[in-house]
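One structure below.
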Amino acid sequence: MARLQSKALVWVLRQGASGAEVLLLQRPERRGGGMHPVTGKAEKGEEPAAAAAREAEEETGITGAIADLGYLHEYKSPKGKQIREHAFLLSAPARASVRLSDEHDAFAWVDPSSARASVTWPAHRKSFDPALQRFAQK
C-alpha cells in the first residue's frame with residue numbers, strides 16, 4: 001500500500017480596520033496560477049499542526065497561533081499519490097506584513113466575501129467558513 005502524504009492548508013487571517021482580512025497567495029502560472037491559502041507538504045514524521053506553522057512562516061514570513069479546524073480531506077495527486085490535507089487557521093497580528101517565498105508571485109489581504117469568491121478548490125471552499133468562525137471566536 002502506498003504511503004499517505006500529509007499536507008497542511010492554512011488560512012491566515014488578521015483583524016483589519018473594518019473586520020477580518022484574509023491572506024491569499026497568487027501562484028505563478030508555472031504552478032497552476034490562482035489565488036490560494038497557504039498549503040504545503042509535511043516533512044517525514046512532522047505533525048500536521050507543525051507543518052502548518054512551518055509552511056505559513058516559509059511562504060509568508062508570518063507566525064502566530066495555529067488552530068486545527070477539524071477539517072481534513074483526501075485526494076489523489078496528478079502523479080497518483082494519496083494525499084491527506086488538514087486545514088488550520090493562523091491568527092496573524094493586526095499589522096502582519098508578508099514576506100513571500102519564491103512559490104508565489106503576489107499576495108492580497110482581502111475581505112471574507114472576496115476571499116470566498118477567489119478560491120476555486122473544493123477543500124479551500126469547505127474549510128473557509130470554519131476558519132472565519134474560529135477567527136471570530138478569538
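The values are calculated or read from the model by the stated rules, or taken from the named source; none is laboratory data. No experiment lies behind these values; they were computed from the predicted model shown. Every residue, glycine among them, receives a Cβ derived from its backbone with ideal geometry; neighbour counts consider all protein chains shown. The accessibility values were calculated without ligands, DNA or RNA, using every heavy atom of the protein model including side chains. Shrake-Rupley method; radii C 1.70, N 1.55, O 1.52, S 1.80 Å.
Out of the residues in the stretch 1-20 meeting the condition of being open to solvent by 50 Å² or more (accessible area, probe 1.4 Å) and closer than 16 Å to Ala92 by Cβ, tell me which one is modelled with the lowest pLDDT.
Here the residue is Ala17.
One residue is enough: does the stretch 98-120 have a residue meeting the conditions of a type outside the set (Asp, Glu) and in contact with a Ser or Thr (Cβ under 6 Å, 6 or more places away or on another chain)?
yes
Matching residues to (1) part of a helix (DSSP H, G or I); (2) free of Cβ contacts under 8 Å to residues at least 24 places away in the same chain:
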residue: Glu46; (1), (2): no, no
residue: Ala50; (1), (2): yes, yes
residue: Glu55; (1), (2): yes, no
residue: Glu59; (1), (2): yes, no
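Which residues, counting only those in the stretch 104-117, are surrounded by fewer than 17 Cβ atoms within 10 Å (Cβ to Cβ) and either of a type in the set (A, V, I, L, M, F, W, C) or under 21 Å from Gly33 (Cβ atoms) (or both)?
Asp105, Ala106, Ala108, Ser114, Arg116, Ala117
How many residues does the stretch 124-138 hold that are exposed (fewer than 13 other Cβ atoms within 10 Å of the Cβ), farther than 13 Å from Arg14 by Cα and among the hydrophobic types (A, V, I, L, M, F, W, C)?
Count: 0.
Answer yes if at least one residue in the stretch 65-88 is surrounded by 13 or more Cβ atoms within 10 Å (Cβ to Cβ), of a type in the set (Ser, Thr, Tyr) and assigned to a loop (DSSP other than H, G, I, E, B), and no otherwise.
No, the conditions are met nowhere in the stretch 65-88.
Please count how many residues of the stretch 29-52 are surrounded by fewer than 20 Cβ atoms within 10 Å (Cβ to Cβ) and of a type in the set (A, V, I, L, M).
Residues in the stretch 29-52 being surrounded by fewer than 20 Cβ atoms within 10 Å (Cβ to Cβ) and of a type in the set (A, V, I, L, M): 2 in total.
Considering every residue within the stretch 90-98, establish whether at least one is in a loop (DSSP other than H, G, I, E, B), under 15 Å from Arg134 (Cβ atoms), modelled with pLDDT of 95 or more and out of contact with any His (no Cβ under 7 Å at 6 or more places or on another chain).
There is at least one residue in the stretch 90-98 that is in a loop (DSSP other than H, G, I, E, B), under 15 Å from Arg134 (Cβ atoms), modelled with pLDDT of 95 or more and out of contact with any His (no Cβ under 7 Å at 6 or more places or on another chain).
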